[in-house]
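Here is the structure we will look at, set down as structure tokens.
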Amino acid sequence: MMDCFDMTFDSESFHTVIDKSTLDTFLCSEEMFEKIPQYLQGVHRVLKPGGYFLVVSFNPPEAVVDVDSREE
């Protein structure tokens, strides 16, 4: 089993990363503003340049929070 916050894959390993409700879980967390950026940085690291990040979410679009829009 691998921790999505500490992926041991080599950088630029994948053409596509598929998220099936992982982001949905983080959106329910009190630590979402810390966890989501950490998770996305890891995904970005393992994606090849021009790669795809496919997110399967059961939340309606209006429920998804822009993590960068939070007040500091």
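The values are calculated or read from the model by the stated rules, or taken from the named source; none is laboratory data. The model shown is predicted, which means the values in this text are computed figures rather than measured ones. With ideal geometry, Cβ positions are generated from the backbone for all residues, glycine too; neighbour counts draw on all protein chains shown. Just the protein is used for accessible areas: all its heavy atoms, side chains included, with ligands, DNA and RNA removed. Shrake-Rupley method; radii C 1.70, N 1.55, O 1.52, S 1.80 Å.
With contacts taken as Cα pairs under 8 Å and at least 6 residues apart, the stretch 1-62 reaches a relative contact order of 52 percent.
Ranked by solvent-accessible area (1.4 Å probe, protein heavy atoms only, all chains present), the residues Val43, Val17 order from largest to smallest as Val17, Val43. Residues whose amide H comes within less than 5 Å of that of Ser21, counting only those at least five positions distant or on another chain, are Val56 (H built at 1.01 Å from N in the peptide plane). Each peptide among 1-9, 18-26, 30-38 gets the average number of other Cβ atoms lying within 10 Å of its residues, and from highest to lowest they stand as 18-26, 30-38, 1-9.
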